[in-house]
1. Starting with the fewest neighbours, write out D98, D302 ranked by other beta-carbon atoms found within 10 Å of each beta-carbon.
2. For R215 and L401 in the same chain, what is the full-extension length gain: residue separation times 0.36 nm, less their Cα-Cα distance, in nm?
3. Roughly how tilted is helix 76-96, in degrees to the nearest 10 and between 0 and 90, from the longest Cα axis of the chain?
4. Positive end of the dipole of the chain, charges at C-beta (+1 Lys, Arg; -1 Asp, Glu), about the Cα centre: which of A58, W368, N273 has its Cα farthest in that direction?
5. Relative to the longest principal axis of the chain, what angle (0 to 90°, nearest 10) does the C-alpha long axis of helix 46-58 take?
6. For segment 216-270, what D do you get in µm² per second when you plug the Kirkwood radius from alpha-carbon pairs into Stokes-Einstein at 20 °C and 1.002 mPa s?
7. Hey, what D do you get for segment 35-90 in µm²/s if you plug the Kirkwood alpha-carbon radius into Stokes-Einstein at 20 °C and 1.002 mPa s?
8. Using a 7 Å offset from the Cα along the Cα-to-Cβ direction at both T169 and A341, what is the distance between the two label points in nm, to one decimal?
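Computed from the coordinates by the stated procedures, all read-outs in this text should not be read as laboratory data. This one's a predicted model, so the numbers in the text were calculated from it and none came from an experiment. For neighbour counting, all protein chains shown are included, and Cβ atoms are generated from backbone atoms with ideal geometry for every residue, glycine included.
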Amino acid sequence: MLQRLGFPAIGRHRRFVTAMAVDAVGTGVFMPISILYFLASTPLSLVQIGLALSIASALQLPFAPILGGLVDSVGAKRILLAANLIQAVGFVAYVFADSFGSVLAASAVVQLGQTAFWGSFSPVVASISQPGERERWFGFLGALRNASFAIGGLVAALALTVDTAAAYTAIVAVNAASYLLAFGLLLSVRSPAPVDAPAPHVGSPSGWGQVLRDRAYLLLVATNYCYAISAMALNIAMPVYITEVLGHPGWVAGVLFTINTVLIGLGQGLVVNAMEGSVRTNIVALGSLLTAGSYVVLLSADWATVAVGVVLVLAGAVVYTGGELVAGPVLTALSTDAAPAHLRGRYVSLYQLSWTIALTTAPVSLTWLLQKGPTALWGALAAVALAGVVLSALLRRAMPLAAAKVTNTPAEAVPQAP
């Protein structure tokens, strides 16, 4: 049944998949209120909150190479376990955060856990899947997370409607508990077998030297940065734009988030199926174009009546989600396929650095742009999305794997030329 929907056979990986779902339910509860929570629970302004979150993300930058080396040396599963515990501690600290310093400290802990999670998540997925089917695996896990986000988003919509500090605090506590439950499930997951590094040629770069000399991979990282900045808009810019700028009720922001998660949860596998035979970078370019188009629709809501504005916001969410559906699995699959197995932790940590930089720059830049007005915000985001189109074209020339077609078939099952 799953394979008909475009998803891989789960087999013996059920506990890992369940842990990812539990983690995502908790995250989905908190994501739509991430900025609004601090507006309700602290005396900080929107710009102060954005600055605290940006500084917290900036503090993670030195940890990315360290975590990449740890994944290669001690194993991705151990880092994934540590990531869940760190995030649980950070969200408990959110309950007591009531000043700029405490918000900064708690956010730094949470984001360290997120950096560790995403730096180890992709190597774990790569270890249980084969080249050629990784769009399926990353698409499936992305769909699973988003379906779980949808469940959390419904709870978040209720909290946004109640709009009290107590409701927001309960959301934070649920998220902390979800990380602890995911940790317990992951303890029973079998660790992937270690990968032996091949003997390097005399004079050839190794370790981080090899990673940083891979210009094609650096271009992939830059391309993903454009995608990552767009991904930040869903949680940072859209809820505040809808509630504070347009003046729509809180449930609209919750429904927008739910639309995004439901469409990905139900449609991701079908979209991955439809990708088969298409060039990877063409898919990424299409996703960037859809994202840019969604910003035009969202901007138009500022010029409409309240009723029409709500319709436009929800339509913009559908177009925005289309961009995420097509580009996300391809970029993530490329990040692991293009990395040598014995250095995958380092390569993926460099790829994840694009997300960390986006997390660092997005809160302060998007909240600043929000204060400048809707045209400044959505115009800047559209420019970033269009830059992703240009970079994906360059990537096609630089990386053979990026110019290849999606097969949705394990490499070992692809017939070899005689």
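1. The order, fewest Cβ neighbours first, is D98, D302.
2. The R215-L401 span can extend by a further 65.6 nm.
3. The angle comes out near 10 degrees.
4. Farthest towards the positive end: N273.
5. 20
6. For the chosen part, D equals 165 µm²/s.
7. 160
8. 5.1
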